[in-house]
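Participant: So that we are looking at the same thing, I have put the structure below in structure tokens.
The values are calculated or read from the model by the stated rules, or taken from the named source; none is laboratory data. Keep in mind it's a predicted model, so treat the numbers as computed, not measured. Here the Cβ positions follow ideal geometry from the backbone for every residue, glycine too, while neighbour counts run over all protein chains shown. Each accessible area value is taken on the protein alone, full model and side chains, heavy atoms only, with ligands, DNA and RNA left out. Shrake-Rupley method; radii C 1.70, N 1.55, O 1.52, S 1.80 Å.
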Amino acid sequence: GVHQCPDLIMDQIPSGFPLKMTRRMVLEQTMRIYDPFGTLSPFTLRAKELLRQTWTLKLEWDQELPLELRAEWVKFFTNMFQLTEIKFDRSLTPPDAVGEPLLVILSDGSDLAYGFAAYIRWRLSDGSFWSRLIMAKSRIAPMHKLSTPQMELNGAVLSKRARVVLEKELRVTFEHVYHLLDS
């Protein structure tokens, strides 16, 4: 379990990836993604989908992945190197904010996954608006199929739990909370 090879650099992508990829290897690399606020949820959701494919194929931990699945993982890991270019500001309050902010939470569900995104929205002194993603979360659908309305309900439940946490933990009083769902 000890990393023995040097870390890859951008010039070595994708040729530097091992020719034999296993379920253990891709799980290990995927679990290294640290994203406590879910800002990378759309990206990590793809990894969860690919991991699900390794489970449905009933692969052993050290069994080589099929070539088409390996190609998908190579594409995923190549994109992962590009994530270093993304920057997120940590401040949730602009310098010229006026009044109390709004909390806007959007949730949705589909046959493949469900999730939510929470935004803070401030009015600025010049009359314009400023918003920022606070957090997001996504989950892959359970192995046993649920209907689309059930998946949308799962997204709503997940977003409600996040709303409770945000209202409790943020040092901000919200003027209004908009919790938007479909269905």
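Participant: Say each of K48 and K168 gets a label point 7 Å from the Cα, pointing the same way as Cα to Cβ; how far apart are those two points in nm?
Facilitator: 2.2 nm
Participant: Another question about this same structure. Given a 1.4 Å probe, how much area per residue of the chain is accessible, in Å²? Show your work: numbers first, answer last.
Facilitator: On the way: 12020 Å² over 183 residues.
For the chain, the solvent-accessible area averages 66 Å² per residue.
Participant: I've got another one for you. Any aspartates and glutamates with Cα under 16 Å of the K87 Cα? List them, leaving off those in the same chain fewer than 8 positions away.
Facilitator: Those aspartates and glutamates meeting the cut-off are D35.
Participant: With +1 assigned to the C-beta of every Lys and Arg and -1 to the C-beta of every Asp and Glu, and no other charges, what is the dipole magnitude of the chain about the Cα centre in debye, to the nearest 20?
Facilitator: Dipole magnitude for the chain comes out near 420 debye.
Participant: Also, I was wondering about something else. Counting Lys and Arg as +1 and Asp and Glu as -1, what is the net charge of the other residues whose Cβ lies under 14 Å from the Cβ of W55?
Facilitator: Numbers: positive: R23, R24, K48, R52, K58; negative: E49, E60.
Result for the neighbourhood of W55: +3.
Participant: Let me ask something additional. What lysines does K168 reach when the alpha-carbon gap must be under 24 Å and sequence neighbours fewer than 8 apart in one chain are set aside?
Facilitator: The qualifying lysines are K137, K160.
Participant: Please list, in chain and number order, the residues 5+ apart from L170 or on another chain whose amide H is under 5 Å from its amide H, with Hs placed from the backbone.
Facilitator: Here nothing satisfies the definition.
Participant: Report the FRET efficiency, 1/(1 + (r/R0)^6), for M143 and M31, where r is their Cβ-Cβ distance and R0 is 22 Å, rounded to 0.05.
Facilitator: 0.70
Participant: Next up: Scan around A113 for amide H atoms under 5 Å from its own, H built in the peptide plane at 1.01 Å from N, and keep only partners 5 or more places away or cross-chain.
Facilitator: A141
Participant: Set Lys and Arg Cβ to +1 and Asp and Glu Cβ to -1, take the dipole of the chain about its Cα centre, and tell me which of T78, T173, W130 lies farthest positive.
Facilitator: My answer, from the dipole projection, is T173.
Participant: Tell me the carbon and sulfur percent of the accessible area for the chain, rounded to whole percent, probe radius 1.4 Å. Walk me through the numbers before you get to the answer.
Facilitator: Working: 6810 of 12020 Å².
That share works out to 57 percent.
Participant: In the chain, what % of DSSP beta bridges are antiparallel (nearest 5)?
Facilitator: Numbers: 22 of 27 bridges.
Roughly 80 percent of the DSSP beta bridges within the chain come out antiparallel.
Participant: Kindly rank 42-55, 114-127 from highest to lowest mean number of other beta carbons found within 10 Å of each residue.
Facilitator: Result, highest mean Cβ count within 10 Å first: 114-127, 42-55.
Participant: How much length is gained on full extension from R132 to E68, taking 0.36 nm per residue of separation minus their Cα-Cα distance? Walk me through the numbers on the way to the answer.
Facilitator: Numbers: separation 64, 0.36 × 64 = 23.04 nm, distance 3.75 nm.
Fully extending the segment from R132 to E68 adds 19.3 nm.
Participant: If you place +1 on the Cβ of every Lys and Arg and -1 on the Cβ of every Asp and Glu, how big does the dipole about the Cα centre of the range 80-145 come out, in debye to the nearest 20?
Facilitator: 240 debye
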